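The values are calculated or read from the model by the stated rules, or taken from the named source; none is laboratory data. Remember, it's a predicted structure, so these values are computed and weren't measured experimentally. Positions of Cβ are generated from backbone atoms using ideal geometry, with glycine treated the same way; all protein chains shown enter the neighbour counts.
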Amino acid sequence: MTGFSVDWLDLREAADQLARDDKLLQQAVDWVATNNPIETEVTLVDLGAGTGSTLRAFATIAENTSSQFLSWRLVDLDTGLLAEARQRHKSSLRLQTYALDLTDIDSLPLKGARLVTASALFDLVSANFLDELAGSLKRSCKQYPVGLYAALNYDGTIRWTPGHPLDDAVLDVFNKDQQRDKGFGIALGPGSGLYMDRLFNKSGFQVFSAKSPWILDRADNQLVDALINGIAEVVAQRSQLDPASLQDWGEFRKSQLFSGTCLVGHTDLLALPRDRLDR
């Protein structure tokens, strides 16, 4: 899987936390607490955990629902990110870290989990990965109910104001690049939200989803600047667009950092086991 730096994860975290759908996150927290006595430890497994953004999102909303009894297993291949997560939360939360290859689903520490979570991960994975994960969670539900909370899955939407003539062409190339192999096989990219919705419904889960777009303006100028750089780099490598035209696009976008806006679409999804899964 492609790695991410601490700097990039920190840069995007404020936008991520604002974008998450509050109602869906609250529903996930409420479901975790359902039928669990106040003194019982509840285990959550966060895949592609990075520095712990998902657990911080839960902590902000679970203050009044006994978050001190939540126990986290953070899973990521990057040992540096996991070390950062431990450093940030060593005294405030119960957590264990696992440096594992996420593609080996059988090796993931899912046993006994009440909820599996991920943020900005599942648009990077393949259909086969999600098929295996859904099958694993469905089998686990025969012993103990386990749900999935998947936030911030990119949906292929990027809208800028003011517009530029190259916006659509740049977005088309960028979205095609989102479907290349990111370490899990051919990535679902912008189709991940719809695929998960259909897959988990078919697998016997009740699925809830909500839009969770980044809505960026001058206050997010550093994030937008990094986004422009990243998109321009991808497009330069993956397309036949005229380099001078692409440079003009990038320069125009940067000239609007303090006066323009950018919307980046995402989808949040919560899949909870129905009263009875097919046996």
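Please go through the stretch 49-68 and give me each residue that is β-branched (V, I, T) and modelled with pLDDT under 65, ordered by number.
T65 - this is the single residue of the stretch 49-68 that is β-branched (V, I, T) and modelled with pLDDT under 65.
Which one of D131, D106, D101 is in a loop (DSSP other than H, G, I, E, B), over 21 Å from Q27 (Cα atoms) and of a type outside the set (F, W, Y)?
Exactly one of D131, D106, D101 is in a loop (DSSP other than H, G, I, E, B), over 21 Å from Q27 (Cα atoms) and of a type outside the set (F, W, Y), namely D101.
Out of the residues in the stretch 203-249 that are among the small types (G, A, S) and closer than 23 Å to G191 by Cβ, which is modelled with the lowest pLDDT?
Ranking the candidates gives S239 first.
Quick one: is Y195 surrounded by 15 or more Cβ atoms within 10 Å (Cβ to Cβ), touching a helix residue (DSSP H, G or I) at 6+ places or on another chain (Cβ under 7 Å) and farther than 25 Å from C262 by Cβ?
Taking the combined requirement at face value, the residue satisfies it.
Consider Y149 against the criteria (1) of a type in the set (S, T, Y); (2) buried (at least 17 other Cβ atoms within 10 Å of the Cβ); (3) assigned to a helix (DSSP H, G or I): it satisfies all of them except one. Which criterion is unmet?
Failed condition: (3).
Among the listed residues D181, D172, which satisfies the condition of being over 23 Å from L199 (Cα atoms) and not aromatic (F, W, Y)?
Exactly one residue qualifies, and that residue is D172.
Going residue by residue through the stretch 256-278, is there one that turns out to be under 30 Å from S140 (Cβ atoms), out of contact with any Gly (no Cβ under 9 Å at 6 or more places or on another chain) and either without any contact (Cβ under 8 Å) to a residue 24 or more places away in the chain or part of a helix (DSSP H, G or I) (or both)?
Yes, because at least one residue in the stretch 256-278 is under 30 Å from S140 (Cβ atoms), out of contact with any Gly (no Cβ under 9 Å at 6 or more places or on another chain) and either without any contact (Cβ under 8 Å) to a residue 24 or more places away in the chain or part of a helix (DSSP H, G or I) (or both).
Being at positive phi, surrounded by 20 or more Cβ atoms within 10 Å (Cβ to Cβ) and either at pLDDT 95 or above or assigned to a helix (DSSP H, G or I) (or both), is that true of even one residue in the stretch 40-48?
Within the stretch 40-48, one or more residues are at positive phi, surrounded by 20 or more Cβ atoms within 10 Å (Cβ to Cβ) and either at pLDDT 95 or above or assigned to a helix (DSSP H, G or I) (or both).
When residues of the stretch 212-229 are filtered for being over 12 Å from R253 (Cβ atoms) and free of Cβ contacts under 8 Å to residues at least 24 places away in the same chain, how many remain?
Number satisfying all stated conditions: 1.
Here are some conditions: (1) exposed (fewer than 13 other Cβ atoms within 10 Å of the Cβ); (2) more than 26 Å from L152 (Cα to Cα); (3) at pLDDT below 95. S255 meets all but one. Which one does it not meet?
Here S255 meets the rest and fails (3).
Yes or no: the stretch 186-201 includes at least one residue that is more than 30 Å from K23 (Cβ to Cβ) and out of contact with any Asp or Glu (no Cβ under 9 Å at 6 or more places or on another chain).
Yes - at least one qualifying residue is present in the stretch 186-201.
Among the residues of the stretch 158-168, which ones are surrounded by fewer than 16 Cβ atoms within 10 Å (Cβ to Cβ) and either under 22 Å from the mean Cα position of the chain (by Cα) or assigned to a helix (DSSP H, G or I) (or both)?
Matches in the stretch 158-168: R159, D168.
Pairs needed: first member in the stretch 162-191, within 20 Å of F122 (Cα to Cα) and in contact (Cβ under 8 Å) with a residue 24 or more places away in the chain; second member anywhere, among the acidic types (D, E) and buried (at least 16 other Cβ atoms within 10 Å of the Cβ); C-beta distance under 6 Å; at least 6 residues apart or different chains.
From the stretch 162-191, the pairs are G189/D123; P190/D155.
Mind checking which residues of the stretch 200-238 are buried (at least 17 other Cβ atoms within 10 Å of the Cβ) and either closer than 14 Å to V170 by Cβ or of a type in the set (D, E) (or both)?
Across the stretch 200-238, the qualifying residues are D220, L227, I228, I231, A232, V234, V235.
Out of everything in the stretch 198-223 that is in a helix (DSSP H, G or I) and of a type in the set (A, V, I, L, M), what residue ends up being farthest from the chain's Cα centre (by Cα)?
Among those residues, the one meeting the criterion is A219.
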